[in-house]
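Inspection log for the structure reproduced underneath, given as structure tokens.
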Amino acid sequence: MTILPQLPAPTWFVGCGNMGSAIIDGWRLAGIDLSQVVVIRPSGTPIAGVRTVSSFAEAGAPPKLVVLAFKPQKLDEVAPQLKPWLTGRATIVSILAGAEVASLRARFAGAGAIVRAMPNLPIAIRRGVTALYSTDANDAQKQQLGDLFVALGWAMWTVDEGKLAAIGAVAGAGPAYVARFVDALAKAGEARGLSRETAATIALETVLGTSWMAATTGEAMDSVVKRVASPNGTTEAGLAVLDRKLDELVGETIGAAARRGAALAADAKAGPLAESASLH
Ligand SMILES: NC(=O)c1ccc[n+]([C@@H]2O[C@H](COP(=O)([O-])OP(=O)(O)OC[C@H]3O[C@@H](n4cnc5c(N)ncnc54)[C@H](OP(=O)(O)O)[C@@H]3O)[C@@H](O)[C@H]2O)c1
């Protein structure tokens, strides 16, 4: 019998749109008990199997775990509302892109451990990637949170906040890039006379089959390429075009995402510093 990881009770989700819902969907699929979860979101839009409210005052007992799942730009709006409900026993897990631990600690001085998690969307089906980082979670907390994110796919603790940002730029945003690549393959199929439906299906199945094969056999991508592309054949002719542009394009794409992450981090740093500066 597998022992399922348990959520601290109560667990609050502050904000629960795409990503918060994906975490809850993944935990529900994993069979994790959600009965002590409370979602606080302004719209109050219900989520199956969890209590949803539209204000902190309705949330009930103070949380032991708080998942911050709103947009980073909302941090200075939400933090003063949430802070009064936090005790030293409340662990904070923030999935906010860019908002660094020091910026979060500046807003939630009296809270317990602060953990940053950078998940990606496939956590909803338990095939996600999550990077975790904390400077003050103890071993037991790291074990418990690690188990909860392992239930959503592949998860790892990083010892360097910069690596968390790097994983966010590649894996956090990655599903959008992969989706665009699948679409580009499908469009090329359509341009060669396939119906939209057939082109979309074969593009998706090709990406899925290739990833699945490599993930299950451990085969290196270079070896996959060699097994498909025979010398002077059709694939090699295609690769001669792709190889000229792809690495550069992906590098530039990830670079732009990383720069935006750095800008969000700078904004999050500026908030409380600007406030305290104005007090002096
Ligand atoms: N999307 C991704 O793939 C991804 C990957 C990694 C990390 N992230 C991070 O995840 C976070 C959420 O992104 P998302 O894509 O899930 O955004 P989203 O779908 O727009 O959801 C944002 C949520 O924040 C809630 N919210 C807005 N104002 C609030 C307030 N004042 N107090 C409490 N909640 C409030 C919204 O409430 P309503 O539902 O009531 O409108 C909504 O549930 C971001 O910080 C992002 O950096 C996202």
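How many residues, within the stretch 145-180, are part of a helix (DSSP H, G or I), open to solvent by less than 70 Å² (accessible area, probe 1.4 Å) and under 25 Å from Leu4 (Cα atoms)? Break it down stepwise before answering.
Of the stretch 145-180, the ones part of a helix (DSSP H, G or I) are 145-150, 161-172, 174-180.
Keeping just the survivors that are open to solvent by less than 70 Å² (accessible area, probe 1.4 Å) gives 145-149, 161-162, 164-169, 171-172, 174-176, 179.
Subset that is under 25 Å from Leu4 (Cα atoms): 145-149.
Final tally of qualifying residues: 5.
Residues in the stretch 153-205 that are under 30 Å from Asp139 (Cα atoms) and either aromatic (Phe, Trp, Tyr) or more than 16 Å from the ligand (Cβ to nearest atom) (or both): how many?
Total satisfying the criteria: 5.
Looking at the structure I just gave you, is Asp139 within 22 Å of Ala30 (Cα to Cα) and of a type in the set (Asp, Glu)? Walk me through how you get there before you give the answer.
Details: within 22 Å of Ala30 (Cα to Cα): no; of a type in the set (Asp, Glu): yes.
When the stated conditions are applied, Asp139 does not pass them.
Do we find a residue being near the ligand (Cβ under 9 Å from one of its atoms), open to solvent by less than 50 Å² (accessible area, probe 1.4 Å), in contact with a Leu (Cβ under 6 Å, 6 or more places away or on another chain) and not in a loop (DSSP other than H, G, I, E, B) anywhere in the stretch 95-112?
no
Within the stretch 110-147, how many residues turn out to be touching a residue at least 12 places away in the same chain (Cβ under 8 Å) and either among the acidic types (Asp, Glu) or within 19 Å of Gly271 (Cβ to Cβ) (or both)? Don't jump to the end; show me each part of the working.
Taking the stretch 110-147 and keeping what is touching a residue at least 12 places away in the same chain (Cβ under 8 Å), we get 110-138, 141-142, 144-147.
Filter again for either among the acidic types (Asp, Glu) or within 19 Å of Gly271 (Cβ to Cβ) (or both), leaving 110-111, 114, 116, 136, 147.
Total meeting the criteria: 6.
If I ask for residues that are more than 8 Å from the ligand (Cβ to nearest atom) and either closer than 25 Å to Trp154 by Cα or open to solvent by 20 Å² or more (accessible area, probe 1.4 Å) (or both), which ones from the stretch 40-54 would you list?
From the stretch 40-54, those more than 8 Å from the ligand (Cβ to nearest atom) are 46-53; that's our starting set.
Within the stretch 40-54, Pro46, Ile47, Ala48, Gly49, Val50, Arg51, Thr52 qualify.
So, in the stretch 4-39, how many residues would count as being outside any helix (DSSP H, G or I), within 16 Å of the ligand (Cβ to nearest atom) and under 19 Å from the mean Cα position of the chain (by Cα)?
So the answer is 8.
I'd like to check something: does the stretch 66-81 contain any residue that is at pLDDT 95 or above, away from the ligand (no atom under 13 Å from the Cβ) and surrounded by fewer than 21 Cβ atoms within 10 Å (Cβ to Cβ)?
Checked against the condition, which is being at pLDDT 95 or above, away from the ligand (no atom under 13 Å from the Cβ) and surrounded by fewer than 21 Cβ atoms within 10 Å (Cβ to Cβ), the stretch 66-81 yields no hits at all.
The values are calculated or read from the model by the stated rules, or taken from the named source; none is laboratory data. These numbers were taken from a predicted model, which means no experiment stands behind them. With ideal geometry, Cβ positions are generated from the backbone for all residues, glycine too; neighbour counts draw on all protein chains shown. Side chains are part of the model used for accessible areas, which takes the heavy atoms of the whole protein and leaves out ligands, DNA and RNA. Shrake-Rupley method; radii C 1.70, N 1.55, O 1.52, S 1.80 Å.
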